[in-house]
Amino acid sequence: MPCSIRVTILSVLFLDVLLVAMSAQDQQKPQPSPAAPAGPARGAMVHFVLDRTLNFESVSKPVCVAISPDSKVIASGDLSPAVTLWDREEGKEIRRLTGQTSRIWSVAFSPDGQRLASASGDGSARIWNVSTGQSLYTLSGHVGAVMSAVYSPDGKFVVSGGADDTVRFWDAATGQNLETLGGDSGVWQVAFSSDGKYLAAGYADGTINVWKKQD
């Protein structure tokens, strides 16, 4: 066999061996992890634009606000003290709910939007008829300011939290006090989970208690 042919064959064999070795080495190298999906850029917009500014020139400064389930009515509690109901579309005052004698710390609509609970520094919570403005029930029992009042998701209960270290359950249909949960510090806020199975309360001492509904 001519020498030149032998050299060519050897060169091809050497090249094949080299490529196989390089391929095997590449397979042993750790592969880079796929890049994580990029999150929203810092400062990204959440697509909310100003819809309405309500004019509070004629009333006291608002302390708390709530929007009705159908988004048609806005309730605000203020220092005067009173609860003001607003027409969201028109931006106009519908009526003022008066009777509590100290600042309103919390307002919350019932799930059907027909009633409103308000918590006051005078030691009471009240349930109001949204359509008429009538005070239906005064929830009395707290000693000191009532800081928060919310409806349960099924609308059957109102739960209030107060400076007297207690969380109180009320029958939303009658205003009757059903149960009182004690604590070690004033209650600033109460909140239900969306399914109504859990109730949380935030306390002035920096703790949060969570209760689970028993079946």
> (1) in contact (Cβ under 8 Å) with a residue 24 or more places away in the chain; (2) of a type in the set (A, V, I, L, M); (3) crowded, with 18+ Cβ neighbours inside 10 Å: which one isn't true of Ile67, the others all being true?
Replying inline: (3)
>> So Glu90 passes all but one of these: (1) over 26 Å from Leu178 (Cα atoms); (2) touching a residue at least 24 places away in the same chain (Cβ under 8 Å); (3) surrounded by fewer than 16 Cβ atoms within 10 Å (Cβ to Cβ). Which condition number does it fail?
In response: (2)
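For residues that are in contact (Cβ under 8 Å) with a residue 12 or more places away in the chain, of a type outside the set (Asp, Glu) and not in a strand (DSSP E or B), scanning just region 176-192, find the one that is nearest to Ser106 (Cα to Cα).
Gly186
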> Quick one: Phe14 ticks every box in (1) over 30 Å from Ser124 (Cα atoms); (2) of a type in the set (Phe, Trp, Tyr); (3) at pLDDT 65 or above; (4) surrounded by 10 or more Cβ atoms within 10 Å (Cβ to Cβ) bar one, so which box is it?
Replying inline: (3)
> Of all residues in region 134-175, how many are of a type in the set (S, T, N, Q) and either assigned to a strand (DSSP E or B) or within 13 Å of Ser124 (Cα to Cα) (or both)?
Replying inline: 6
>> Which of the numbered conditions does Gly113 fail, given that it passes all the others? Conditions: (1) within 17 Å of Val73 (Cβ to Cβ); (2) surrounded by fewer than 15 Cβ atoms within 10 Å (Cβ to Cβ); (3) not aliphatic (A, V, I, L, M).
In response: (2)
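Would you mind stating whether Ser33 is farther than 30 Å from Val159 by Cα, modelled with pLDDT under 75 and in contact with an Asp or Glu (Cβ under 9 Å, 6 or more places away or on another chain)? Quick ask: steps written out before the conclusion?
On the way: farther than 30 Å from Val159 by Cα: yes; modelled with pLDDT under 75: yes; in contact with an Asp or Glu (Cβ under 9 Å, 6 or more places away or on another chain): no.
The answer is no for Ser33.
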>> Restricting to region 79-118, give me the number of residues that are of a type in the set (Lys, Arg) and either closer than 18 Å to Gln134 by Cα or in a strand (DSSP E or B) (or both).
In response: 4
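The values are calculated or read from the model by the stated rules, or taken from the named source; none is laboratory data. Just so it is clear, the model here is predicted, and its values are computed rather than measured. A quick note on method: Cβ atoms are made from the backbone with ideal geometry, for glycine too, and the neighbour counts reach across all protein chains shown.
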